[in-house]
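Take a look at the structure set out below.
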Amino acid sequence: MARHHSSRALDLNEYMKALTILLTAGLLAFSVSAQVENKEMRPDIDKDIPLTEAIRRANEQFPDAQPLTEEEVVAAVQAIKLTHPDIKEDIYVAYLRVVKERVLPKNMYFSQITSWNTQYGVFRVDWKDLTLRGRAATAEESKAVLSKLPGTVSVGGPIRVGGFGYRIRARFVSSPPPIEGGARATERSAPGVEKGAAPDAAPTRR
């Protein structure tokens, strides 16, 4: 689910609440707010592409003073079991193709989060994820997902389940002025990113 929050007219708190519900239920509905998702999903999502080409596109799509490199992506993916020791075997095999074959497998794409909204203000961040699109949900699975979503979150397009989001870069860019006497902000899982994903720059999450 999706990610360029600084330019989107979407309530981030509601969005994250929806994702928490979906992840808790074991379901990841990539099409919640399909407008957001489709903006980052590559057009040739149904086929493998060379990793070098995928990274070139990602750096073009998400301009950065520190662009992604093949070495960074491969190293992050190779470490996936350090933060997800119980990852399902079929998902692990799909991600491992990035390392062994130097390809971006079909149904996998890069995405980015640029802002994090907390009770202490909005932090500018550089969070890049490598997301595996799930399969189309059955009618019963779709009904279960929709029944748990907040009323302010709309769904456009088919719901997908069984997907996986893995954070390959987590960097803070800037922060609002500090608030005195407040408790430390609790890190929330970013859309499509599971808690504990590596490398985790913040003290607690995906």
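Got at least one residue in the stretch 150-163 being in a strand (DSSP E or B), buried (at least 19 other Cβ atoms within 10 Å of the Cβ) and either at pLDDT 90 or above or touching a His at 6+ places or on another chain (Cβ under 9 Å) (or both)?
no
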Inset, instruction - Considering only residues that are acidic (D, E) and in contact (Cβ under 8 Å) with a residue 40 or more places away in the chain, look in the stretch 107-147 and name the one that is nearest to A54 (Cα to Cα). - result: D129
Legend entry - When residues of the stretch 107-135 are limited to those that are of a type in the set (K, R) and crowded, with 17+ Cβ neighbours inside 10 Å, the one modelled with the lowest pLDDT: R133
Inset, instruction - Can you give me the number of residues within the stretch 25-67 that are in a loop (DSSP other than H, G, I, E, B), surrounded by 14 or more Cβ atoms within 10 Å (Cβ to Cβ) and modelled with pLDDT of 95 or more? - result: 1
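Please tell me if E71 is touching a residue at least 12 places away in the same chain (Cβ under 8 Å), of a type in the set (D, E) and in a helix (DSSP H, G or I). Working first, answer last.
Values: touching a residue at least 12 places away in the same chain (Cβ under 8 Å): no; of a type in the set (D, E): yes; in a helix (DSSP H, G or I): yes.
No: the conditions fail for E71.
Among the residues in the stretch 133-146, are any within 30 Å of D64 (Cα to Cα), part of a strand (DSSP E or B) and under 17 Å from the mean Cα position of the chain (by Cα)?
No, there is no match, as no residue in the stretch 133-146 is within 30 Å of D64 (Cα to Cα), part of a strand (DSSP E or B) and under 17 Å from the mean Cα position of the chain (by Cα).
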Legend entry - Leading residue by the ranking (surrounded by the most Cβ atoms within 10 Å (Cβ to Cβ)) among those in the stretch 90-106 that are in contact with a helix residue (DSSP H, G or I) (Cβ under 7 Å, 6 or more places away or on another chain) and assigned to a loop (DSSP other than H, G, I, E, B): P105
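The values are calculated or read from the model by the stated rules, or taken from the named source; none is laboratory data. Since the structure is predicted, the reported quantities are computational estimates derived from the model, not experimental observations. Note that we place each Cβ from the backbone using ideal geometry, even for glycine, and neighbour counts take in every protein chain shown.
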